[in-house]
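A.B. asks: Before I ask anything, let me first share the structure, which is written out below as structure tokens.
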Amino acid sequence: MFYLMKTCAVSEKLLNFASKLIITMDVEEIKKIIEKQPNLSTALGMEFYSTPEDDTCMATMQVDQRNRQPFGFLSGGASLALAENVAGVGSSALCPGKICVGISVSGDHVKAVSEGDTVTAHAKLVSKGRTLHVWDVKITDTSGDLISNVHVTNYIISPKKEV
């Protein structure tokens, strides 16, 4: 009996592990939409990536003339834009056919990043409601140091039906 219980527990753990590998945050369709026309994401040099977890999303942005201050550091506004956009891509991937817009973005910038470095935004879904998604986004530099910590709330809208 103990062997059967232990085997079932191991099988359940394997199923849980396998299900995590199968479920992904697939942003490829959203990237195609973004690339169709000029927008803030492309203007600032953001790149979005699918992740193996269904509640995370990732993006990178090289610090260059498109997103730096005159002093050569990443603009805080560009960091907030990166956070809002990666959270928006995540919400859009979770809600196909819906329009996902940021309604609240707030963050703290804790370290400067010089031109030439690349920052990475890791977004984690904190709450997924029917009409609101809340994300925590951590932006790090290539050394892994925290640059900004950002909180994003997205509003999920159904597109108007054409008559």
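The values are calculated or read from the model by the stated rules, or taken from the named source; none is laboratory data. This structure is a prediction, so every number in the text was calculated from the model and none was measured. Cβ coordinates were reconstructed from backbone atoms using ideal geometry, including for glycine residues, and neighbour counts include every protein chain displayed. Note: areas computed on protein heavy atoms with side chains; ligands, DNA, RNA excluded. Shrake-Rupley method; radii C 1.70, N 1.55, O 1.52, S 1.80 Å.
A.B. asks: Please indicate, with yes or no, whether at least one residue in region 77-98 is on the phi < 0 side of the Ramachandran plot, hydroxyl-bearing (S, T, Y) and part of a strand (DSSP E or B).
C.D. replies: No: zero hits.
A.B. asks: Can you name every residue in region 108-121 that is touching a residue at least 40 places away in the same chain (Cβ under 8 Å) and surrounded by fewer than 18 Cβ atoms within 10 Å (Cβ to Cβ)? Break it down stepwise before answering.
C.D. replies: Applying the first criterion (touching a residue at least 40 places away in the same chain (Cβ under 8 Å)) to region 108-121 yields 108, 113-121.
Matches in region 108-121: D108, S114, E115, G116, D117, T118.
A.B. asks: Residues that are basic (K, R) and at pLDDT 95 or above: does region 150-161 have at least one?
C.D. replies: Step one: filter region 150-161 for residues basic (K, R), giving 160-161.
The next check asks that each one be at pLDDT 95 or above; those that pass are none.
Taking every residue of region 150-161 in turn, none turns out to be basic (K, R) and at pLDDT 95 or above.
A.B. asks: Any idea which residue in region 122-163 is surrounded by the most Cβ atoms within 10 Å (Cβ to Cβ), counting only those that are outside any loop (DSSP other than H, G, I, E, B) and basic (K, R)? Steps first, please.
C.D. replies: Taking region 122-163 and keeping what is outside any loop (DSSP other than H, G, I, E, B), we get 122-128, 132-140, 146-157.
Right, trim to basic (K, R) and you get 124, 128, 138.
Details: K124: 15, K128: 17, K138: 15.
Per the stated criteria, the residue is K128.
A.B. asks: Quick one: how many residues across region 82-132 are hydroxyl-bearing (S, T, Y) and in contact with a helix residue (DSSP H, G or I) (Cβ under 8 Å, 6 or more places away or on another chain)?
C.D. replies: To start, the set of residues in region 82-132 that are hydroxyl-bearing (S, T, Y) comprises 91-92, 104, 106, 114, 118, 120, 127, 131.
Subset that is in contact with a helix residue (DSSP H, G or I) (Cβ under 8 Å, 6 or more places away or on another chain): 92.
Final tally of qualifying residues: 1.
A.B. asks: Something else about it: Looking only at region 78-106, which residues are without any contact (Cβ under 8 Å) to a residue 60 or more places away in the chain and open to solvent by less than 20 Å² (accessible area, probe 1.4 Å)?
C.D. replies: A78, A81, L82, V86 - these are the residues of region 78-106 that are without any contact (Cβ under 8 Å) to a residue 60 or more places away in the chain and open to solvent by less than 20 Å² (accessible area, probe 1.4 Å).
A.B. asks: Being out of contact with any helix residue (DSSP H, G or I) (no Cβ under 6 Å at 6 or more places or on another chain) and without any contact (Cβ under 8 Å) to a residue 40 or more places away in the chain is the filter here; which residues of region 55-77 pass it? Reasoning before the result, please.
C.D. replies: Just the residues of region 55-77 that are out of contact with any helix residue (DSSP H, G or I) (no Cβ under 6 Å at 6 or more places or on another chain), to begin with: 55-56, 58, 60, 62-65, 68-77.
Matches in region 55-77: Q69, P70, F71, S75, G77.
A.B. asks: Scan region 53-77 for residues that are more than 20 Å from K32 (Cβ to Cβ) and open to solvent by less than 30 Å² (accessible area, probe 1.4 Å) and report the count.
C.D. replies: Of the residues in region 53-77, 7 are more than 20 Å from K32 (Cβ to Cβ) and open to solvent by less than 30 Å² (accessible area, probe 1.4 Å).
Each row is one residue, and each column tells you yes or no for (1) basic (K, R); (2) at pLDDT below 95; (3) in a helix (DSSP H, G or I).
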{"position": "I33", "(1), (2), (3)": "no, yes, yes"}
{"position": "P38", "(1), (2), (3)": "no, yes, no"}
{"position": "A43", "(1), (2), (3)": "no, no, yes"}
{"position": "F48", "(1), (2), (3)": "no, no, no"}
{"position": "E53", "(1), (2), (3)": "no, yes, no"}
{"position": "M58", "(1), (2), (3)": "no, no, no"}
{"position": "M61", "(1), (2), (3)": "no, no, no"}
{"position": "Q65", "(1), (2), (3)": "no, no, no"}
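A.B. asks: For K128, work out the one condition from (1) among the basic types (K, R); (2) in contact with a strand residue (DSSP E or B) (Cβ under 7 Å, 6 or more places away or on another chain); (3) modelled with pLDDT of 95 or more it doesn't fulfil.
C.D. replies: Tallying (1) among the basic types (K, R); (2) in contact with a strand residue (DSSP E or B) (Cβ under 7 Å, 6 or more places away or on another chain); (3) modelled with pLDDT of 95 or more, K128 fails exactly one: (2).
A.B. asks: Can you give me the number of residues within region 22-31 that are of a type outside the set (A, V, I, L, M, F, W, C) and assigned to a loop (DSSP other than H, G, I, E, B)? Please lay out each step first, then the result.
C.D. replies: The first filter runs over region 22-31 and keeps only residues of a type outside the set (A, V, I, L, M, F, W, C), leaving 24, 26, 28-29, 31.
Those left that are additionally assigned to a loop (DSSP other than H, G, I, E, B): 24, 26.
So the answer is 2.
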